[in-house]
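Since the structure comes first, as structure tokens, the remarks are kept for the end.
The values are calculated or read from the model by the stated rules, or taken from the named source; none is laboratory data. Because the structure is a prediction, the values reported are computed rather than measured. Note that we place each Cβ from the backbone using ideal geometry, even for glycine, and neighbour counts take in every protein chain shown.
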Amino acid sequence: MHHHLNPNQMDVLRWAVNSPSEPPPPGNWKASAVALQNRGLVTISRKGGQYRATPTEVGRYFCEHGTLPPVPAKVPASRRSKAPSRAAHASEPAQESASVESLPEPAAAALKPTPPEPEQASLEERLGPRPHPAVRSLWKHPGALPEDPEVRERAILAAHELVQAAKEAGLKIEGHTQPRKRSHAYGIYLGELLVTLDAGDSPVRVKIGEVMKRVPHELTAEEQAKKRRNEYFWAPTYDHVGTGVSCFRVYTDKPTGGGTRYAETKSRTLASFVPVIIQAVQRASEAKREREERQRRWQEQRRLEEIARQDLARNRAHYEKWEGSLSMQVDAWKRADEARAFLEALELQHDEPEVRAFVTWARENLAILDPSQTLALPGGDVPKLSHLERRNLGRPRPETWARW
């Protein structure tokens with residue numbers, strides 16, 4: 001086995017041995033990891049959508065000593081007997097085990113056979129005997145997902161985990177059937193409706209699909225032919241093509257804004273967004289309850305303000321009634337005094353019987369018209385509006401309607 005490594009391969013080996021939890025070295029470290037695997041120094045796995053490089057015992061020994069572990073020397077052919085006895089055959093396993101035990105620990109571990117890794121369960125086994133109808137529909141018609149089988153499998157498992165987490169959280173789940181073909185809206189694919197989750201007050205729609213990217217539009221054969229003939233044709237500026245990355249899109253009942261996209265990345269699988277989506281569904285119901293409570297408080301405040309306005313209008317009208325009665329009676333009292341003085345002057349200047357008869361009739365009429373004698377008070381209780389409040393408010397303005 002060729003044991004000379006370049007600097008990049010040594011960096012990847014040191015990272016896999018000493019600090020696998022930290023970010024990998026810069027550059028094309030995956031190609032270096034493949035070269036190390038070909039040399040038996042690391043093993044590569046892609047479980048759960050994550051790329052891992054695990055060092056072997058030989059790789060750990062090489063990283064520590066800079067060379068491969070020593071290999072036990074072979075017995076020369078001249079020393080081997082041509083017809084070994086049964087005792088020799090019985091002693092061979094003991095000699096082999098002794099030779100292995102005599103090696104350094106990394107080398108001995110490298111020479112021991114490694115047990116085969118257990119086979120990963122199939123998608124059907126991981127989904128269980130009775131998956132949710134929405135997950136079963138996505139499994140049977142995965143047209144919304146990218147074409148990569150591994151990406152599709154991770155997306156279906158993420159949808160299954162989302163439904164299971166929603167059940168554990170006590171959410172109401174409404175599944176949706178997947179179409180056989182993708183449904184495009186205005187040329188942009190936004191995924192297919194998977195489930196509708198409700199925490200009690202605000203249903204949240206969850207879509208699953210593929211992340212799209214915008215690329216310049218390439219003319220089709222028909223468009224190119226029309227262009228060569230100088231004919232009119234319309235073509236979009238951009239096209240939207242798939243990126244091979246699966247994603248969730250969550251749509252709440254926010255007053256503004258669209259859905260929130262949760263896309264799979266190299267360091268984060270689609271299933272890792274399930275707790276975030278469950279929290280978003282619960283927050284949507286809490287936000288809906290808070291908005292309804294604010295609306296209720298606002299309506300109650302408006303109701304109380306309207307009651308106060310009507311009370312103030314009634315108090316002002318009652319005050320205006322008493323004030324108008326006072327002004328009217330003062331005017332009537334002034335007119336009665338003036339009439340009484342006129343009758344006295346009329347008696348002094350004229351003594352005819354006709355004049356005396358008129359004066360007698362007039363004084364009888366003044367007894368009825370004089371408010372100080374008739375005592376015509378306004379009805380109702382004393383106004384609640386004080387004189388200072390009346391002065392500050394002023395007189396009420398009559399409502400006028402605009403003319404069209």
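Annotations
- Some residue of the stretch 268-283 being surrounded by fewer than 15 Cβ atoms within 10 Å (Cβ to Cβ), outside any helix (DSSP H, G or I), free of Cβ contacts under 8 Å to residues at least 12 places away in the same chain and within 26 Å of the chain's Cα centre (by Cα): yes
- Among the residues making up the stretch 139-153, those that are touching a Ser or Thr at 6+ places or on another chain (Cβ under 7 Å) and surrounded by 20 or more Cβ atoms within 10 Å (Cβ to Cβ) are LEU145, PRO146.
- Residue that is surrounded by the most Cβ atoms within 10 Å (Cβ to Cβ), among those in the stretch 226-262 that are farther than 15 Å from LEU194 by Cβ and among the hydrophobic types (A, V, I, L, M, F, W, C): VAL245
- Scope the stretch 316-342; condition among the polar types (S, T, N, Q) and without any contact (Cβ under 8 Å) to a residue 24 or more places away in the chain; matching residues: SER327
- Output for the stretch 315-331, where each listed residue is surrounded by 15 or more Cβ atoms within 10 Å (Cβ to Cβ) and closer than 19 Å to SER386 by Cβ: ASN315, ARG316, HIS318, TYR319, GLU320, TRP322, GLU323, SER325
- Matching entry among ASP351, ASP370 (being outside the structural domain of GLY259 (by TED's automatic domain parsing), without any contact (Cβ under 8 Å) to a residue 40 or more places away in the chain and surrounded by fewer than 13 Cβ atoms within 10 Å (Cβ to Cβ)): ASP351
- Residue count for the stretch 118-166, restricted to those that are at pLDDT 90 or above, outside any loop (DSSP other than H, G, I, E, B) and not small (Gly, Ala, Ser): 19
- Residue match in the stretch 171-182 (condition: among the hydroxyl-bearing types (Ser, Thr, Tyr) and assigned by TED's automatic domain parsing to the domain that holds VAL215): yes
- Search result, residues across the stretch 170-194 that are out of contact with any strand residue (DSSP E or B) (no Cβ under 8 Å at 6 or more places or on another chain) and modelled with pLDDT under 90: ARG180, LYS181, HIS184, ALA185, TYR186
- Qualifying positions in the stretch 284-310 - small (Gly, Ala, Ser) and more than 12 Å from the chain's Cα centre (by Cα): ALA308
- Matching option when the condition is surrounded by fewer than 11 Cβ atoms within 10 Å (Cβ to Cβ), charged (D, E, K, R) and not in a helix (DSSP H, G or I), among LYS181, LYS207: LYS181
- Subset of the stretch 1-34 [surrounded by 17 or more Cβ atoms within 10 Å (Cβ to Cβ), part of a helix (DSSP H, G or I) and among the aliphatic types (A, V, I, L, M)]: VAL12, LEU13, ALA16, VAL17, ALA33
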